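**Student:** This structure is in structure tokens; I'll ask about it shortly.
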Protein chains: 2
Amino acid sequence: MPHAFDPGAFAEPFQTLCTDYPEGDIYVSDQFRVEWGPIFYRGRLDGSSRVVVVGQDPAQHETIVRRVLVGEAGRRVQGLLAKLGITKSYTIINTFLYSVYGSVKAATARDARLVAYRNSWLDALLIGKKVEAVITLGTAAETAWNAWKQTSNGSSFDVAFAALTHPTQPESSSNHDKNKLADATKKLLENWNIGLQTLSPGVRHPDLAMPLVPYGDTWGANDRPAIPEADMPAGLPSWMHEQDGWAARLGKDLKSKRRNITVTVPSDVVV
Amino acid sequence: MPHAFDPGAFAEPFQTLCTDYPEGDIYVSDQFRVEWGPIFYRGRLDGSSRVVVVGQDPAQHETIVRRVLVGEAGRRVQGLLAKLGITKSYTIINTFLYSVYGSVKAATARDARLVAYRNSWLDALLIGKKVEAVITLGTAAETAWNAWKQTSNGSSFDVAFAALTHPTQPESSSNHDKNKLADATKKLLENWNIGLQTLSPGVRHPDLAMPLVPYGDTWGANDRPAIPEADMPAGLPSWMHEQDGWAARLGKDLKSKRRNITVTVPSDVVV
């Protein structure tokens, strides 16, 4: 069976963006897991994207796959894009190149070098391209977007835009309280439904034309599709894009956890 | 600081070879860790290679990096290539696409589909290209080479060739016995020195012209250089190519170990 894969950042300007990038002097190690390296994007780099998504920062699954938003948050975003009829014509980048450790200081997030590098990605993905909608996920991504909108390229760029709640905000805000989680999920999906109303008319060239079907009060059966195999590097096993929860940071103390990513093949794969 | 990376298998025929490859019906799961996916190559896919190396099978470091021969065996091969003046103009593939689990049955290794796929890689790397020397590492790789030499493409192909002892054969044959390890290392380096005598005159266009300096009785200080950053996918942290021993298969029983790869950042990287 053929397995499509992402050919990667082989063409300019992306090859240069993946060669020369901000490191530990900008992404300082008390706020970022710089030791795992930067993780740049997921999706199309060939100019075919109709939607650009700005997420926040990569976590452990992203660190193994070396693509952004491939875990649970990524599946939810995949479902969001599907509601716009977008199944392949998208590119996702993050606000931060490295995984956030603890929290990010405002001065770090505003660092002109950090912002300028991210703006270079937005320039490359948006200026003179075919993008019809932009989505930000969470407040950091919205701030990132606003920073680009203040540049000369950004100020003259005008497509459908929605600043949405981050896809795993319900989990991070509810502290394992089931009722809080249900409430926060409902609020998130209301927020996304409002965003879809803005975005949907803008996406005039979807991969699949379809009527907009809003979310219900909780995640529906088809709202968290697998990450497409075509977004993965060559040769990755199918469970890495079809399943989640296979990577964890384990350790007996903070430093051990920071140094560790444990990958476990799902039990149904090895029999 | 710019970080060169391998742009990957974006061009044909390599894109197709990394899309459509033998799976579990050929690489059966009682002999191969098919659950971790295939790992295809390391080095140049742009036709610039002067030396092609055929190794055996990928292990845990290769599985995370998704390139072959990046662990200790890879460092030793990097040193071997350096003795030929080859610092970048090489391509390495393996006999087997997947990590060997236990041992490989003769009938599996001879499977016509497995052999034909590997021969397609050799065709792509060798026919009409600039390669001046071929190296096999270990008996499985020598058998693989002989299978290609029996094809019409292979039978008419003639460059310097050496079938060398596998770089970690001393460890696997000595069972933690220091004296046996020293003896086996000495024998390996004698074997490699003989091979270098054959290979060196064939490599007429090295990256760096230099006199051939044979190995001593054990590994010298410069005989195990780091894997070049330019062989890695984009964004991998430097310790993944500069160091070894950061990936392990851990678990309380065979199945747990088979399902696990634990990545640990070297202790000097996270302070």
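The values are calculated or read from the model by the stated rules, or taken from the named source; none is laboratory data. Please read all numbers here as calculations on a predicted model, not as lab measurements. Quick reminder, even Gly has a Cβ in these numbers, built from the backbone with ideal geometry, and neighbours come from all protein chains shown. Quick note on the areas: whole protein, heavy atoms, side chains included, nothing else; ligands and nucleic acids left out. Shrake-Rupley method; radii C 1.70, N 1.55, O 1.52, S 1.80 Å.
**Student:** Using the Cα centre of the range A:1-151 as the reference point, and only Cβ charges (+1 on K/R, -1 on D/E), how large is the resulting charge dipole? Debye, rounded to the nearest 20.
**Tutor:** 580
**Student:** Using a label position 7 Å from Cα in the Cα→Cβ direction, what is the ascending list of nm distances from B:ARG249 to the same site in the other copies?
**Tutor:** List, nearest first: 2.8 nm.
**Student:** Mind checking which aspartates and glutamates have their Cα closer than 16 Å to the Cα of A:LYS83? Skip sequence neighbours fewer than 8 apart in that chain.
**Tutor:** Candidates past the 8-residue exclusion: A:GLU132, A:GLU190, A:ASP207, A:ASP217, A:ASP223.
**Student:** Alpha carbons only, please: Rg and Dmax for the range A:96-140, in angstrom.
**Tutor:** That works out to 12.7, 37 Å for Rg and Dmax.
**Student:** To continue, here is another question. Enter the mean number of other protein chain beta carbons within 10 Å of the beta carbon of each residue in A:3-11, as an integer.
**Tutor:** 6
**Student:** Run the label-point distances for A:SER156 please: 7 Å along Cα to Cβ, every other copy, nanometres, shortest first.
**Tutor:** From this label point to the equivalent ones elsewhere in the assembly: 5.7 nm.
**Student:** Let me ask something else about it. Which peptide among A:108-114, A:258-264 comes first, and what is the full order, when sorted by highest mean count of other Cβ atoms within 10 Å?
**Tutor:** Put in order of decreasing packing, that is A:258-264, A:108-114.
**Student:** Checking the table B:LYS129/B:LYS186; A:LYS105/A:LYS130; B:LYS88/B:LYS129; A:LYS257/B:LYS257; A:LYS88/A:LYS130 against a 23 Å threshold on Cα-Cα, which pairs fail?
**Tutor:** Violating the 23 Å Cα-Cα cut-off are B:LYS129/B:LYS186; A:LYS105/A:LYS130.
**Student:** So, one more: Residues of the range A:130-199: accessible area per residue at 1.4 Å, in Å²?
**Tutor:** Normalised by residue count, the accessible surface of the range A:130-199 is 51 Å².
**Student:** Further question: Heavy atoms of the protein only, probe of 1.4 Å, neighbouring chains included. What is the accessible area of A:SER156 in Å², nearest 10?
**Tutor:** My reading of the accessible area for A:SER156 is about 100 Å².
**Student:** How big is the dipole moment of the range B:144-271 about its Cα centre under a simple scheme where the beta carbon of each Lys and Arg is +1, that of each Asp and Glu is -1, and everything else is neutral? Debye, nearest 20, please.
**Tutor:** Once rounded to the nearest 20, the dipole reads 660 debye.
**Student:** Each residue of the range B:3-19 in turn: what ³J(HN,Hα) in whole Hz from Karplus with 6.51, -1.76, 1.60 and θ = phi - 60°, glycine and Pro shown as x?
**Tutor:** 10, 4, 9, 7, x, x, 8, 7, 9, 6, x, 5, 4, 5, 4, 8, 9
**Student:** Note the buried accessible area between A and B here, summed over both chains, with a 1.4 Å probe, in Å² to the nearest 100.
**Tutor:** 3500
**Student:** Taking all protein chains together and a probe of 1.4 Å, list A:VAL51, B:VAL269 from the most accessible to the least accessible.
**Tutor:** Result, largest first: B:VAL269, A:VAL51.
**Student:** Quick one: with all protein chains in place, what share of the accessible area of the range B:70-117 is carbon or sulfur, to the nearest percent (1.4 Å probe)?
**Tutor:** Of the solvent-accessible surface of the range B:70-117, carbon and sulfur hold 58 percent.
**Student:** Over the whole of B:256-265, what's the average partner chain Cβ count within 10 Å per residue? Rounded to a whole number, please.
**Tutor:** Shielding by partners across B:256-265 averages 5.
**Student:** Based on alpha-carbon centroids, what's the gap between the range A:142-158 and the range A:200-271 in Å, whole number please?
**Tutor:** 29
**Student:** What is the calculated FRET efficiency for A:ALA230 to A:SER172, with r their C-beta to C-beta distance and R₀ = 25 Å, to the nearest 0.05?
**Tutor:** 0.30
**Student:** Pull up the DSSP beta bridges for chain B and report the antiparallel fraction as a percent, rounded to 5.
**Tutor:** Taking every DSSP beta bridge with both residues in chain B, the antiparallel ones total about 30 percent.
**Student:** Please report, in debye to the nearest 20, how large the charge dipole of the protein assembly as shown is about its Cα centre when each Lys and Arg carries +1 at its beta carbon and each Asp and Glu carries -1 there.
**Tutor:** 400
**Student:** While we're on this one: How far, in nm to one decimal, is A:GLU72 from itself in the other copies if the label point is set 7 angstrom along Cα toward Cβ? Shortest first, please.
**Tutor:** Ordered by increasing distance: 3.9 nm.
**Student:** Probe radius 1.4 Å, ligands and nucleic acids left out: which of A:ASP244, A:ASP25 has the largest accessible area, and how do the rest follow?
**Tutor:** Putting A:ASP244, A:ASP25 in descending order of accessible area: A:ASP25, A:ASP244.
**Student:** On to the next question. Considering only protein heavy atoms, what per residue accessible area in square angstrom results for the range B:1-102 with a 1.4 angstrom probe?
**Tutor:** Computed with neighbouring chains in place, this is 27 Å² per residue.
**Student:** Would you mind checking which residues have amide H under 5 Å from A:ALA163's amide H? H placed 1.01 Å from N; only 5 or more apart, or other chain.
**Tutor:** A:THR136
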